[in-house]
Amino acid sequence: MKNKTFKNTDEFKQRREKIFAKLKNSVMILFSGEESGWERFRAASPFVYATGFEEPDAICVLAPGQSEPYKMFVRPRDPAKEIWDGYRYGLDGVKKDFGADVSYDIKDFYTELPKILKDADAVYYSLEGTERDLHIIRAIKEYVATLGRTGRGMLPIFDCKEILGEMRLIKSAQEVQWLRQSCELSAQSHKSVMEQVWSGMNEKDIQAILFKEFFSRGAHREGYFSIIAGGANATILHYRDNNSPTKDGDLLLVDAGAETHYLTADITRTYPMNGKFTEAQKDVYSRVLRVQKELIAMVRPGISYSDIQEAARAKLTKELIDIGFLKGSVEENIKTKAFTKYYPHNIGHFLGMDVHDTGLYSINGVSRKLEAGMVLTIEPGLYIPEDDQTVPEKYRGIGVRIEDDILVTPTGQDVLTVSAPKEVDDIERLMSIAQRRA
Ligand code: GLY
Ligand code: MN
Ligand code: MN
């Protein structure tokens, strides 16, 4: 049975037109990737970005200087293999359903490539440090050899990110609509999980509920490994075991996002398993929340990424001094990096097809300014080590992160994950109603 995520193929045509304009007389080569073992295949983001095609063992060549600029190398149809691995579009399907100008059998790629490179100024190919690089370099050499004694050296190779990274950073109207869908369903799922947890559950049980919520709402995939961290596990930033029992009085940190249309949400919520924050938990949580809201309000075109990064450090450091965990001034604690004991990560990242998406954070050493159409996360957190003898016991092992996904609009910001509750009162009210019902 045919399986096609993207109904709107015009979106991909428009993207290719933009890539063509930037490539001029160069050629871009994109690989979809290979299936490995029993893992579910996800075609490489740059390949899908340009094609909307999701099969493994496929190569897209974009060559705007030629009469057939959109070339696809794919697996041919094969009824015997399709019984095992499912429908293949094949050489005809990739033209008919995905708009390729010309299609070839994937096995002919390296013999065709030298011919395709004819008259190209440069090759855009993302070097991988694998065997594949060698094949590509050989094909380029083979092409250059056909030119005879021209004195011409190898064609230069540029990373595809030079073009695609920047394009992917500014989301089109269609991408925003798709990403909104991922964010809204993920936010609703977080809310729904909040209504279903109770102290004593294992993190694994919570992950199962989360997945049910994601997939019943139409998620295509988990966007990245979900962090379900009870109690002090929340102080491990990339905790991924998700297999400990929780207990009464624990906070739960859930960092999870669903993907639709190859675009993922990235949301973190932290809340008490028993539905009521302790005073110490509320103290830490309210500080993180206040900072997060202030940082979100800063997001607008023209502000630079580093302005937000520095504001986050200053604001969280001030909270750490006010609560009594750090001594001295904000400036001193930033200079000595003392704040990293409790806030060790960055304030966020670009978001899109990859959870840590492409795009340069600074250009020529200068932090770039945000522009309408960018999407970034704002995710401050405070993590108090379980064995930190320098803070009162009631705070030890508390880990709080609050993360939302923010679209930069022409006039400010739009929080795409607003449906996941984060105010203390909202969380406690929601959970008390749910837990009374249970
Ligand atoms: N979930 C990965 C991150 O927040 O960056
Ligand atoms: Mn994130
Ligand atoms: Mn996250």
Given q = 0.16, 0.17, 0.19 Å⁻¹, what are the Debye log10 I(q)/I(0) values for segment 341-393, with equal point scatterers placed on the Cα positions and solvent ignored?
-0.64, -0.68, -0.76
So which aspartates and glutamates can K95 reach, going by Cα to Cα under 13 Å and dropping same-chain residues fewer than 8 places off?
E68, D105
In whole angstrom, the spacing between the Cα centers of segment 1-60 and segment 157-179 equals 12
Would you mind computing Rg(Cα) / (2.2 N^0.38 Å) for segment 251-317, counting N as its residues?
1.37
Quick one: accessible surface of E279, probe radius 1.4 Å, all protein chains present, in square angstrom to the nearest 10.
130
Across segment 252-332, how many lysine pairs separated by 8 or more positions, or lying on different chains, have Cα atoms within less than 19 Å?
7
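Once the piece of chain linking K161 and Q389 is laid out straight, how much longer is it, given 0.36 nm per residue of separation minus the C-alpha distance between them? If you can, show how the numbers build up before the last one.
Details: separation 228, 0.36 × 228 = 82.08 nm, distance 4.63 nm.
Computed gain between K161 and Q389 is 77.5 nm.
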Whole-Hz Karplus couplings 3J(HN,Hα) for segment 385-399, θ = phi - 60° and coefficients 6.51, -1.76, 1.60, Gly and Pro as x, run x, 4, 9, 7, 6, 8, 10, x, 3, 4, 8, 5, x, 7, x
Lys and Arg at +1, Asp and Glu at -1: add these up for the other residues within a Cβ distance under 15 Å of T390 and post the number.
0
Probe radius 1.4 Å, ligands and nucleic acids ignored: give me the carbon and sulfur share of the accessible area of the chain as a rounded percent.
52
To one decimal place, what orientation-averaged projected area in nm² is obtained for the convex hull of the Cα set of segment 281-420?
9.1
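Convex hull over the Cα atoms of segment 1-135, averaged projected area in nm²? Walk me through the numbers before you get to the answer.
Values: hull surface 33.7 nm².
Its average projected convex-hull area is 8.4 nm².
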Suppose the Debye formula is applied to equal point scatterers at every Cα of the chain; what is log10 I(q)/I(0) at q = 0.06, 0.08, 0.11 Å⁻¹?
-0.32, -0.54, -0.92
How long, wide and thick is segment 178-289, going by the Cα atoms along their three principal axes, in whole angstroms, largest first?
41, 28, 25
Here the FRET efficiency for V144 versus A21, based on Cβ atoms and R0 = 22 Å and rounded to 0.05, is 0.25
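Report D for segment 31-80 in µm² per second (integer): Stokes-Einstein, Kirkwood Rh on Cα pairs, 20 °C, 1.002 mPa s. Show your work: numbers first, answer last.
Numbers: Rh = 11.9 Å.
Calculated translational D: 180 µm²/s.
Order 229-236, 348-355 from most to least packed using the mean count of other Cβ atoms within 10 Å. Don't skip to the end; give the middle numbers.
On the way: 229-236: 23.0, 348-355: 21.4.
The packing order, highest mean first, is 229-236, 348-355.
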Report the extension gain between I363 and D101 in nm, rounded to one decimal, defined as 0.36 nm multiplied by the number of residues separating them, less their alpha carbon distance.
90.7 nm
Let's test the formula: R0 of 22 Å, r as the Cβ-Cβ distance of I303 and E423. What FRET efficiency results, to the nearest 0.05?
0.30
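Report the local net charge at K369: Lys and Arg +1, Asp and Glu -1, summed over other residues whose C-beta lies under 15 Å from its C-beta.
Details: positive: R300, R368; negative: E166, D307, E310, E371.
Overall, the nearby charge balance is -2.
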Of the residues E331, E203, E195, which exhibits the maximal mean-square fluctuation in a Gaussian network model of the chain defined by a 10 Å Cα contact cut-off?
E331
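The values are calculated or read from the model by the stated rules, or taken from the named source; none is laboratory data. These numbers were taken from a predicted model, which means no experiment stands behind them. Glycine gets a Cβ as well: all are built from the backbone with ideal geometry, and neighbour counts include every protein chain shown. We work out accessible area using only protein heavy atoms, side chains counted, and drop any ligands, DNA or RNA first. Shrake-Rupley method; radii C 1.70, N 1.55, O 1.52, S 1.80 Å.
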